[in-house]
Amino acid sequence: MTESSASPEAERYLAALNAALAPVPVGTRRDIVAGVREELDGLDAQQTAERIARLGDPEFIATTALAEIDAAHSAEPSPPASASASASVPAPRTPGEARWFAVIASLLVMVGGFVIPVVGPLIGLVLVWLSRAFTRTEKWIATLTPVGLAAIVMLATIASGWVTSSTGGSLGGSMNSSPMSEGMSGLTGWHAAIIIVFATPVPVGGWLLWRASRTRSAADQTSAPEAAPESESAHTV
Amino acid sequence: MTVDVGAQLRKGVVEFCVLGQLARTPMYGWQLSETLVAHNIIASIGTLYPILSRLRASGWVSTFETQSDSGPVRKYYRLTPAGTAQLEMFRQQWSPFVDTVQHLIDPHAPSTSKPPHQNGDHD
């Protein structure tokens, strides 16, 4: 679903901009790309070229954005580390998160449980939190979905346990009166909860993988989530 | 240690320059960026968006989307009442501050520990 009528030159520029902005926190990165896209929408090739010339080199935009973010951090009530708050080259920093980081994190969440139960997805979840490819909301969704569903199932199990014990096994059938089968039905509920904890990371990890690949796509329009996945166009590696 | 004087100065005031521009009329990102870059307050549009993020987080700026004059839908930024109040506070402090600094760095002023005037002298 793309309403953008930006020219191919504009799309190339936006792809380069998105790539250059990789080290920038995802919210700001999307704001910048969306703001520039707004500006380039509907322009013909000549106008696009003019506008792009005025915008400047994507690397320069990224450098200045990072300098501003660094300056804001060092303006907190501790002595600034250096005078690198100028608009020129900031203090050397890691070239930003490697593209594969978010992918590995998502995959670990998704299938890590089949390699190392529980610990695998947990490691994946920690990496997701460390990754810059996901927004805070996305990270919380990924964390709380398995936990939330498991909690709901466990509460339902406990509640149904109260119900069956209060009705005293009068639900019919001789099986219900044996203490062992009453224990079994309780156990099944807990089993269901455990299965949920193991199973939900799979779709959650898949969703994370999709979000991670969308962030890299230059077709990002705004920071609002969209229903249909977009096809990835210029995908610089 | 070399210090980029201009950058240090701008750091302190750039947010209020953005507020000042938005006080006149809501603007979209490119509009703001063009003006501030032309006045050498920011280096590029990349500098602007982190600032706008902070201003929104502080509750001084809000956004809305609407059809612009030239057609496409754009995201506009505008001041909130809190932002207006913040800008007013800055305005009240700015002039006396400039005078004070000028007095302190003026090579010809007689050295005195007394400030040239108190707050409230100006409009």
### Index of the failed condition, residue B:75 passing every other in (1) within 14 Å of chain A (Cβ to nearest Cβ); (2) assigned to a helix (DSSP H, G or I); (3) touching a Ser or Thr at 6+ places or on another chain (Cβ under 8 Å)
(2)
### Task
Evaluate the following for residue A:153: is it assigned to a helix (DSSP H, G or I) and exposed (fewer than 14 other Cβ atoms within 10 Å of the Cβ)?
no
#### Entry: Complete set of residues in segment B:55-90 that are free of Cβ contacts under 8 Å to residues at least 40 places away in the same chain and among the hydrophobic types (A, V, I, L, M, F, W, C)
B:57, B:64, B:73, B:82, B:85, B:89
### Residue count, segment B:78-110 (criterion: over 20 Å from residue B:59 (Cβ atoms) and of a type in the set (A, V, I, L, M, F, W, C))
7
### Task
Hey, could you check segment B:27-46 for residues that are at pLDDT 95 or above and among the hydroxyl-bearing types (Ser, Thr, Tyr) and say which is farthest from residue A:59 (Cα to Cα)?
B:35
### Query
If residue B:3 passes every condition in (1) exposed (fewer than 15 other Cβ atoms within 10 Å of the Cβ); (2) at the interface with another protein chain (Cβ under 8 Å from one of its Cβ atoms); (3) touching a strand residue (DSSP E or B) at 6+ places or on another chain (Cβ under 9 Å) but one, which one does it miss?
(3)
### Task
Considering only segment B:6-17, state which residues are within 27 Å of residue B:74 (Cα to Cα) and within 12 Å of another protein chain (Cβ to nearest Cβ).
B:14, B:15
### Task
Filter the helices (runs of 4 or more DSSP H) completely within segment A:18-77 down to those with at least 2 residues that are within 9 Å of chain B (Cβ to nearest Cβ) and farther than 24 Å from residue A:5 by Cα.
A:58-74
### Query
Which residues, counting only those in segment B:20-67, are facing another protein chain (nearest Cβ under 10 Å) and among the basic types (Lys, Arg)?
B:54, B:56
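The values are calculated or read from the model by the stated rules, or taken from the named source; none is laboratory data. Treat the numbers as computed from the prediction; the structure is a model and nothing was measured. Neighbour counts are summed over all protein chains in view; Cβ atoms, including those assigned to glycine, are modelled from backbone coordinates with ideal geometry.
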